[in-house]
Each structure stands twice: as structure tokens, then as C-alpha cells.
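The values are calculated or read from the model by the stated rules, or taken from the named source; none is laboratory data. Computed from a prediction, not measured in an experiment: that's the story for all the values here. Cβ: placed from backbone, ideal geometry, glycine included. Neighbour counts: every protein chain shown.
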Amino acid sequence: MQASDNKITRSYQQEEIQEILQIAIARQAYDGEFSREQLLEIASELAISPESLQVAEQQWLSQRGEIQKRQEFNIYRRGKLQKQAGNYVIVNSFFVLLNLVNAGEISWSLYVLLFWGLGLGIKAWNTYQSQGEDYERAFEKWYRKHQLKQSISTFWTKLMNSSPDSDRG
């Protein structure tokens with residue numbers, strides 16, 4: 001019996017091949033960047049057509065853009081929450097001090113502190129939730145608003161650059 005007869009032929013599903021290749025590429029000790037020509041060469045060696053590679057590359061770019069927009073949105077939401085938390089601390093500190101000075105104890109200001117704190121806690125919970133319908137609706141609303149601001153800014157810049165006053169100098 002030869003050694004080659006003892007070898008078991010393995011077969012893999014497409015997802016398994018992708019996972020194995022992803023791990024192998026990640027383990028590859030290469031500090032530089034790959035050129036597009038190298039990407040085409042690798043795809044060719046894997047029998048991936050240039051058309052399929054181009055579609056995959058466009059999809060990848062689109063996904064990266066989406067991820068970047070969501071990261072911007074999450075930073076925006078957290079910044080907004082931090083501002084609200086700052087307002088909460090400042091205003092409620094004032095109310096507690098006012099209550100202490102006037103009544104000598106914390107009475108009515110405790111209710112303001114607790115109810116506003118409850119609302120802020122719910123807001124914080126929602127801010128750090130990055131999945132679900134509410135998140136998607138909030139993201140879409142922010143994204144439309146963001147695009148509108150960008151469009152207005154672009155329009156305004158073009159308008160200012162094409163005005164008769166900008167030609168004089």
C-alpha cells in the first residue's frame with residue numbers, strides 16, 4: 001500500500017474555501033499594499049473573471065462607504081448624547097443647589113433629577129443600539145439630512161464661484 005492511497009480526499013463548500021483563504025491571506029507576512037494588477041493576477045489564479053472581480057470590487061467599495069457613513073452617524077449620535085448629558089449635569093446641579101439653599105434639603109429637585117435621568121438613560125440605551133428598525137429609521141433620517149446639507153453646500157459653492165463678483169479681482 002502506498003502513502004498516496006492513505007490520503008483522504010477532502011472537499012469544501014464555497015464558504016469554507018472563502019474562510020480558509022481569508023485566514024491564509026491574513027497570515028501572509030506582507031507589509032506593503034497590493035496593486036490592482038496584483039489583485040487581477042490573484043483573481044486570475046483563482047479562476048475569477050475580470051468582470052466578476054470588477055462587480056465584487058464595486059460592491060466592496062459600496063459596503064465600505066456604507067460602513068463609513070454608519071460610523072459617522074454613530075459618532076454624531078454619541079456626540080449629541082454627550083451634549084445632553086452635559087446639560088443634564090449642569091441644570092440638575094443648579095436645581096439641587098437651589099433646592100438645598102431654599103429648603104435646606106433635596107426635595108422637589110430629586111424628582112427633576114430622576115425623571116430627566118430616566119429619559120437620558122433611555123436615550124443612552126437607544127444611542128448605543130446599532131441594530132433594529134429604530135436604528136435604521138434614525139440612520140436614514142440622518143443620512144437624508146446629511147445629503148441635503150451637502151447638496152446645499154455644493155450648490156452654494158458653485159453659486160458663489162460663478163457669481164459676477166468672483167470674476168472681478
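Please go through segment 7-26 and give me each residue that is of a type in the set (S, T, N, Q) and assigned to a helix (DSSP H, G or I), ordered by number. Q14, Q18, Q22, listed by residue number. One residue stands out among those in segment 27-74 that are among the acidic types (D, E) and part of a loop (DSSP other than H, G, I, E, B): the one that is modelled with the lowest pLDDT, which is D31.
You will find that of Q82, Q54, Q147, Q63, the residue that is within 30 Å of Q38 (Cα to Cα), more than 15 Å from the chain's Cα centre (by Cα) and without any contact (Cβ under 8 Å) to a residue 24 or more places away in the chain is Q54 and no other. Taken as a whole, the structure places I67 among residues that are loosely packed, with under 11 Cβ neighbours inside 10 Å and of a type in the set (V, I, T).
Selection of segment 116-159 for residues being surrounded by fewer than 10 Cβ atoms within 10 Å (Cβ to Cβ) and closer than 30 Å to V91 by Cα yields only W125. For A26, the conditions (1) within 30 Å of R137 (Cβ to Cβ); (2) among the aliphatic types (A, V, I, L, M); (3) loosely packed, with under 10 Cβ neighbours inside 10 Å all hold with the exception of (1). In the condition set (1) more than 30 Å from S44 (Cα to Cα); (2) over 16 Å from the mean Cα position of the chain (by Cα); (3) polar (S, T, N, Q), N74 is compliant with all but (2).
Would a scan of segment 122-137 turn up a residue that is assigned to a loop (DSSP other than H, G, I, E, B) and either among the aromatic types (F, W, Y) or more than 32 Å from the chain's Cα centre (by Cα) (or both)? Within segment 122-137, one or more residues are assigned to a loop (DSSP other than H, G, I, E, B) and either among the aromatic types (F, W, Y) or more than 32 Å from the chain's Cα centre (by Cα) (or both).
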